[in-house]
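This report refers to the structure that appears directly beneath it.
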Amino acid sequence: MAASLSSTASVKLLSTLFRSGSLSSSSGSRALHVTTVCCKNQAARARVGKGDNPLTYERALPPHQIGHRKGWLSQHTSNLRGQEGAAERTIEDVFVRRFMFGTFHGCLANEIVIKRRGNVLLVCALMLQKLPPQKFYFLIGYSESLLSHFYKCPVKLEVQTLQDKAVYKYL
């Protein structure tokens, strides 16, 4: 409930629920379980450990820092006022991320950044050097051609390779 009830209103509500049998269980005994409200925002936060958990820059910052210290992972103009298609862009972004994760399995060092500039879809990724260069070139061309065919627009992959994951700090 959005508004808090007065004590008399809550007593009336509870007595009505008891009489109607909504609060009684199937075994015939009546029980009311009440818990306190947890107003803590814990989504997308890294848990503090013993100091051996490596974090990237994107994961180390809390979600309320998006736009201040950390950037958006999808850049397009569909979220502007009067623009349509924000939901379609989100679904497309999820598909591109899953496609890239499956194609370059175990090679992604960080999150993928998707940029839309006009009719061109740019996919920026940091990869780990786990495959030979010839296989990377093949997979990049394969991904560009397949995604271009799916979306009917030019798709370009901007890939940088790293020896190891870039660690920002340890938690």
Quick one: in segment 106-123, which of the residues that are under 17 Å from residue 146 (Cα atoms) and out of contact with any Ser or Thr (no Cβ under 9 Å at 6 or more places or on another chain) is most open to solvent (accessible area, probe 1.4 Å)? 119
Could you check how many residues of segment 79-95 are exposed (fewer than 15 other Cβ atoms within 10 Å of the Cβ) and over 14 Å from the mean Cα position of the chain (by Cα)? 10
Count - residues of segment 137-170 that are closer than 17 Å to residue 107 by Cβ and not hydrophobic (A, V, I, L, M, F, W, C): 11
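Here's a check for you: in segment 124-171, which residue that is of a type in the set (Gly, Ala, Ser) and modelled with pLDDT of 90 or more is surrounded by the most Cβ atoms within 10 Å (Cβ to Cβ)? Explain how you work it out, then say what you get.
Kept after step one, since they are of a type in the set (Gly, Ala, Ser), are these residues of segment 124-171: 125, 141, 143, 145, 148, 166.
Imposing the further condition that a residue be modelled with pLDDT of 90 or more reduces the set to 125, 141, 143, 145, 148.
Numbers: 125: 23, 141: 11, 143: 20, 145: 11, 148: 14.
Residue satisfying both the conditions and the ranking: 125.
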Among all residue pairs at least 6 apart or on different chains, which show Cβ distances below 6 Å where the first residue, located in segment 50-76, is free of Cβ contacts under 8 Å to residues at least 12 places away in the same chain and the second is of a type outside the set (Asp, Glu) and open to solvent by less than 70 Å² (accessible area, probe 1.4 Å)? 61/70; 69/61
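The values are calculated or read from the model by the stated rules, or taken from the named source; none is laboratory data. Since we're looking at a predicted model, the values are computed, not measured. So basically every Cβ, Gly included, is an ideal-geometry build from the backbone, and we count neighbours across all protein chains shown. To get the accessible areas, we keep the full protein, side chains included, count just its heavy atoms, and leave off ligands, DNA and RNA. Shrake-Rupley method; radii C 1.70, N 1.55, O 1.52, S 1.80 Å.
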